[in-house]
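Since the structure comes first, as structure tokens, the remarks are kept for the end.
The values are calculated or read from the model by the stated rules, or taken from the named source; none is laboratory data. Just so we're clear, the structure is a prediction, and the values are computed from it rather than from any experiment. Glycine also receives a Cβ, built like all others from the backbone with ideal geometry; neighbour counts cover every protein chain displayed. Quick note on the areas: whole protein, heavy atoms, side chains included, nothing else; ligands and nucleic acids left out. Shrake-Rupley method; radii C 1.70, N 1.55, O 1.52, S 1.80 Å.
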Amino acid sequence: MTDMATTDDATGTADEGAIIGVGELESGKFPDRPFMQALVDVSIEAIQDAQLTVSDIDTVLLIPCLHSADDQADLIFNRVTEELGLLGKAKAGAMMHSGGSTSDNVTRTAAGLIASGQAKNVLVAQSEKWGSAPVTEMVDMLSGYGIPREWERSAGITFNGIGALITQRYMADSGATAEEMASVCVALRNWARLNPRAMYRDKELTVERVLSSKMISDPVHAMECPMLADGAAAYVMTSAGAARAAGHDAWVRIAGSGGSVSHYSIAQDADLGVLGWPAAAVEAYEQAGWGPEDADLAEIYDSYAAVLTIAMEGLGLAPKGDAARNFAAGDYSPGGRLPVCTNGGLLSAGHTGVGGGTALLVEGIRQLLHRAEPQRQVENAQRAVCGGSGGTYMDSQVLLLERTTR
Amino acid sequence: MTAVSRDIVTPYQEALSNGELLIQQCQNCKAHIMYPRHRCPVCQSADLGWVAAEGHGVLQSFTIQRVGAPTGFEQDLPYAVGVVRLDEGVQLLARLVPDADGGWDSYACDVAVRFQPAAVTAPVRGPAAWFEVDS
């Protein structure tokens, strides 16, 4: 990994990565919104938000879709460079893929390219059509995706089943009750209701409703499962020196980052209630020179409530065993002590596949740029803890983001 | 380096179909390896063999899948799967034998479980190891 924080100086170095603009489309079911249209629209929105023109982009890093092999091939071969009119201008285009942690890995890669002078302005973009894809096909795909075919597929494990295995272990370790787990979903829904792009912005949720919904995979109820959604998100990174020269008042830098791969097969994790978060956290906080107590907000992968609570505890944002309890007490809800998943998370903004992690990261950047809608903008947000996880929660990736001003 | 195929899948699956749970063992460093690997993940040796598992372990976690089975598993619903850590120190994903009443109330995280060879079925989708509460 690139050593991006060699100084305690909060303003960083001139050649380090600086995120200056974001774009995001509404999440939900949009069968009439073509995949490539969404990708092009969200790219242009991010470039304009960054106060650049399309031809300023010299590198395009794409985050994969999962709904279609054909559309993913368009990402692999960077069709969007042709669509955007970047032929002869873009130096390179590539798709990176580590599932739900892709956005974290792409961000480190983009920062490395910029810091080493290999790229000037990097566009990172994502589009997904999960919400419009046939459900049975997606269930079958996810029952074999990131699951070892030879060893585990014959047991009949599912995507929800994997979330349930994690949840069962977390509840056994922490003593968290069903009500406390359900309250995580309710807190995220309350954030989603403040986000005009969230899939479930118009639907209220209560603990009672969650617990009276059908049991899908014990102990996970239907309303504790993420809903597959269409969505698109993008951001633009340049160097801090270029951001300053262009007259930007504020940008977002990576103060620290860390990661840990804890398994590939779900049954090979040494501790299903811990995963890789503690190891990832140590590295990231050391680099940043600040700790979890200094965070103004957190945007962490939440495809199931326990995926989020395990991460929060591993990242030191909640005492061991207390995250679900603290959610029930309202600590992480709008108006609470620490805003968490302020876009509503995957659980309530919509699970846009690999894009779920991207949407959380983009929300963290947006909050630090102070460009969130006023009803959910975290006042004077300076530092955000962002986390993602891919496959069957195989890896734990953390980015510590910081607002920087001229 | 010779490019001879080392089939690690067939021996494991054939033994399992015959009611025997195998663990791969490195002939060089003696490490127990699960799932089977092409090279020893500890010492990188290609000299790997098999030993029969004792069949005893501890349940790390489990779930009862009630809705949304993958194609081919619809008729099995509801069914339980769990992560088992064998006494040999290696882990695997297994199916869990239901209690006499058809449920799984006797299962919990950290209960002792044992391999149940008689329950191994479903050759069409590949065999799965089955475990039951070790009472």
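What is region B:1-108 by shape, rounded, prolate or oblate, if you read a ≥ b ≥ c off the alpha carbon gyration tensor as root eigenvalues and call it rounded for a/c under 1.5, prolate for a/b larger than b/c, and oblate otherwise?
prolate
Just order A:255-268, B:28-41 by mean Cβ neighbour count inside 10 Å, highest at the front, would you? All intermediate terms of the calculation are to be shown ahead of the outcome.
Numbers: A:255-268: 21.6, B:28-41: 15.6.
Taking the mean over residues of other Cβ atoms within 10 Å, the ranking is A:255-268, B:28-41.
Which whole-number value in Å² is the accessible area per residue of region A:289-406, probe 1.4 Å? Please list the in-between numbers first.
Numbers: 2880 Å² over 118 residues.
Ligands and nucleic acids excluded, the figure is 24 Å² per residue.
Contour minus end-to-end for residue B:43 and residue B:31, with contour as 0.36 nm per residue of separation and end-to-end as the Cα-Cα distance? Intermediate results must be reported in sequence, preceding the final value.
Working: separation 12, 0.36 × 12 = 4.32 nm, distance 0.88 nm.
This chain segment gains 3.4 nm when fully extended.
Give me the net charge for the shell around residue A:53: Cβ to Cβ below 15 angstrom, other residues only, Lys and Arg +1, Asp and Glu -1.
Values: positive: A:89, A:120; negative: A:45, A:49, A:56, A:58.
Value of the local net charge: -2.
Once both labels are modelled 7 Å past Cα along the beta-carbon direction, what's the residue B:135-residue A:371 spacing in nm?
Placing both labels 7 Å along Cα→Cβ, they lie 6.2 nm apart.
Using only the Cα atoms of region B:11-67, what are the Rg and Dmax in Å?
Reported Rg and Dmax, both Å: 13.9, 45.
Running a GNM on chain A with Cα contacts under 10 Å, which residue among A:359, A:246, A:280 ends up with the highest mean-square fluctuation?
It is A:246.
Kindly report the accessible area of region A:1-142 per residue (heavy atoms of protein chains, probe 1.4 Å, no ligands, DNA or RNA), in Å². Before the final figure, lay out the partial values.
Working: 5860 Å² over 142 residues.
Result: 41 Å² per residue.
Would you please give the FRET efficiency between residue A:379 and residue A:202, computed as 1/(1 + (r/R0)^6) with r the Cβ-Cβ distance and R0 = 25 Å, to the nearest 0.05? Provide the component values of the computation, followed by the final result.
Details: r = 25 Å, r/R0 = 1.02.
Taking R0 as 25 Å, the efficiency between residue A:379 and residue A:202 is 0.45.
Considering only protein heavy atoms, with the full assembly of protein chains and a 1.4 angstrom probe, order A:403, A:209 by accessible area, largest first.
On the way: A:403 50, A:209 115 Å².
Ranked from most to least accessible, the order is A:209, A:403.
Summing both sides, how much accessible area is buried between A and B? Use a 1.4 Å probe and give Å² to the nearest 100. Mind showing how you got there, number by number?
Details: alone 14900 and 7740 Å², together 19950 Å².
What A and B bury together is about 2700 Å².
Hey, what D do you get for region A:244-294 in µm²/s if you plug the Kirkwood alpha-carbon radius into Stokes-Einstein at 20 °C and 1.002 mPa s?
Values: Rh = 13.3 Å.
Translational D for this selection: 161 µm²/s.
Identify which of A:248, A:97, A:67 has the largest mean-square fluctuation in a Gaussian network model of chain A, with springs joining Cα atoms closer than 10 Å.
It is A:248.
With each label point set 7 Å from Cα along the Cα-Cβ vector, what nm distance links residue A:222 and residue B:58?
Between residue A:222 and residue B:58, the label points sit 3.8 nm apart.
Where in region A:202-224 does accessible area fall by at least 50 Å² between the isolated chain and the complete protein assembly, at a 1.4 Å probe radius?
A:216, A:218
What nm value, rounded to one decimal, do you get for the distance between residue A:212 and residue B:105 when each label is placed 7 Å out toward the C-beta?
Placing both labels 7 Å beyond Cα along the Cβ direction yields 2.5 nm.
What net charge is computed for the residues neighbouring residue A:89, neighbours being all others with C-beta under 15 Å from the C-beta of residue A:89, Lys and Arg scored +1, Asp and Glu -1? Show your work: numbers first, answer last.
Details: positive: A:91, A:120; negative: A:56, A:58, A:82, A:83.
Around residue A:89, the surrounding residues sum to -2.
Write down the radius of gyration of the protein assembly as shown and its Dmax, each obtained from C-alpha positions, in Å.
23.6, 73
How large is the translational diffusion coefficient of region A:181-291 in µm² per second when you combine the Kirkwood radius over alpha carbon pairs with Stokes-Einstein at 4 °C and 1.567 mPa s?
Working: Rh = 18.3 Å.
Reported coefficient: 71 µm²/s.
In Å, the Kirkwood hydrodynamic radius of region A:231-378 over pairs of distinct alpha carbons? Write down the numbers at each step before the final one.
Working: mean 1/r = 0.0603 Å⁻¹.
Roughly 16.6 Å, rounded to one decimal.
Out of region A:264-344, which trypsin sites (Lys or Arg not before Pro) are coil in DSSP terms and have no more than 11 other C-beta atoms within 10 Å?
Taking region A:264-344 and a limit of 11 other Cβ atoms within 10 Å, the loop trypsin sites (Lys or Arg not before Pro) found are A:337.
Given a cut-off of under 8 Å on Cα pairs at least six residues apart, what relative contact order in percent is computed for chain B? If you can, show how the numbers build up before the last one.
Working: 261 pairs, mean separation 29.9, N = 135.
Value for chain B: 22 percent.
Could you sort A:249, B:7 by accessible area so the largest value comes first, with the probe set to 1.4 Å? Before the final figure, lay out each step's value.
On the way: A:249 115, B:7 80 Å².
Greatest to least solvent exposure: A:249, B:7.
When we measure straight from the Cα of residue A:214, which lysines land under 17 angstrom away, once same-chain ones fewer than 8 places off are left out?
Leaving aside lysines fewer than 8 places away in the same chain, none come within reach of residue A:214.
What do you reckon, how do A:159, B:73 stack up by accessible area (1.4 Å probe), largest on top? Walk me through the intermediate numbers first.
Numbers: A:159 50, B:73 10 Å².
Reading off the accessible areas and sorting them downward yields A:159, B:73.
Comparing A:58, A:202, A:296, which has the greatest mean-square fluctuation in the GNM of chain A with Cα pairs linked when under 10 Å apart?
Result: A:202 has the largest fluctuation of those listed.
What does the net charge come to around residue A:329 if you take all other residues with beta carbon closer than 11 Å to its beta carbon, with K and R at +1 and D and E at -1? If you can, show how the numbers build up before the last one.
Values: positive: A:325, A:337; negative: A:180, A:322, A:331.
After counting each charged neighbour, the total is -1.
Please report how far the C-alpha centroid of region B:1-70 lies from that of region A:34-100, rounded to the nearest whole angstrom.
41
At what distance in angstrom do the alpha carbon centres of region A:304-345 and region A:214-249 lie from each other?
Spelled out, the Cα-based centre of one part sits 17 Å from the other.
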